[in-house]
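The values are calculated or read from the model by the stated rules, or taken from the named source; none is laboratory data. Just so we're clear, the structure is a prediction, and the values are computed from it rather than from any experiment. As a convention, Cβ positions derive from the backbone with ideal geometry for all residues, glycine included, and neighbour counts pool all protein chains shown.
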Amino acid sequence: MLTKELVERAVPANLKNSVTQALVDKINNIVADPIIAEQVRDNFITYTSVLRDGKFKTEDYLHAVMYVSHKLNNSSNLDAYTKTFPQRMQDLIARGVPSKDIAAYVSAYNKGKLVNLILEQTLVPSWVLNQGLYQEALNVQAELMQMAQSEKVRTEAANSILTHLKKPEGKDFQINMDLRDTSGMTELKDAMRRMAEQQQHLITSGVTTREIAASPIIEGVSKVVSDAA
């Protein structure tokens with residue numbers, strides 16, 4: 001269950017005063033289904049960043065989160081709207097509003113700015129979905145850098161690694177998803193980058209690929225061992 005303190009910490013500063021115990025109780029009890037209820041509570045906290053992009057009321061945000069939560073559980077737009085606004089739907093039906101008009105209301109809500117800001121937050125970027133392929137490609141480049149017989153191929157592989165492991169430029173770079181590298185992954189990337197830099201330097205200095213391939217790797221750096229040794 002959410003607490004008033006947790007919700008206050010989650011929302012932007014200008015909305016903290018709107019967080020009342022009544023609102024928190026409504027969030028905690030808005031859905032009878034315990035699974036959906038937990039998703040709504042989690043999503044309410046997760047997507048509060050959208051409240052910084054416009055002047056939205058916390059009540060409207062709660063309803064939008066509920067609507068999106070139902071859509072993420074494969075409900076149609078109409079079903080999600082009905083589950084989010086059951087009383088509103090009952091009133092529309094009681095007044096004899098035609099189905100096509102109700103569908104238009106649902107479509108308009110589905111296209112609303114607040115709903116779509118939340119939906120955007122739920123999308124998983126392709127670079128996240130394909131992290132495995134990215135690492136596989138990087139491994140292939142690392143193998144070519146170390147083992148290829150062609151100096152041109154080794155240089156291109158080293159350049160590719162340097163390009164893709166380059167630190168982001170600019171102070172405004174920001175990652176919204178908490179997908180930070182572990183310390184081990186960071187060390188591995190740094191080691192591969194240092195190795196690529198050194199081996200590229202050795203190749204341009206005239207060291208043969210045979211000598212580099214036979215070199216031991218010490219803390220991510222190739223140590224060339226001459227044949228005389």
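The residue pairs whose first member lies in segment 54-73 and is over 12 Å from Asn116 (Cβ atoms) and modelled with pLDDT under 90, whose second member is assigned to a helix (DSSP H, G or I) and hydroxyl-bearing (Ser, Thr, Tyr), and whose beta carbons are closer than 6 Å, counting only pairs six or more residues apart or on different chains, are Thr58/Ser18. Look at segment 1-29: where a residue is assigned by TED's automatic domain parsing to the domain that holds Arg52 and a partner is of a type in the set (Asp, Glu) and at pLDDT below 80, sitting 6+ places away or on another chain with Cβ atoms under 6 Å, you get Lys16/Glu8; Val19/Glu8. Entry remark, segment 79-104: residues being surrounded by fewer than 17 Cβ atoms within 10 Å (Cβ to Cβ) and under 28 Å from Ser49 (Cα atoms) number 3 in total. In segment 75-86, the residues that are over 15 Å from Ser99 (Cα atoms) and assigned by TED's automatic domain parsing to the domain that holds Tyr109 reach residues that are in a loop (DSSP other than H, G, I, E, B) and not hydrophobic (A, V, I, L, M, F, W, C) with C-beta atoms within less than 9 angstrom, at least six apart or across chains, in these pairs: Ala80/Asn73; Lys83/Ser75.
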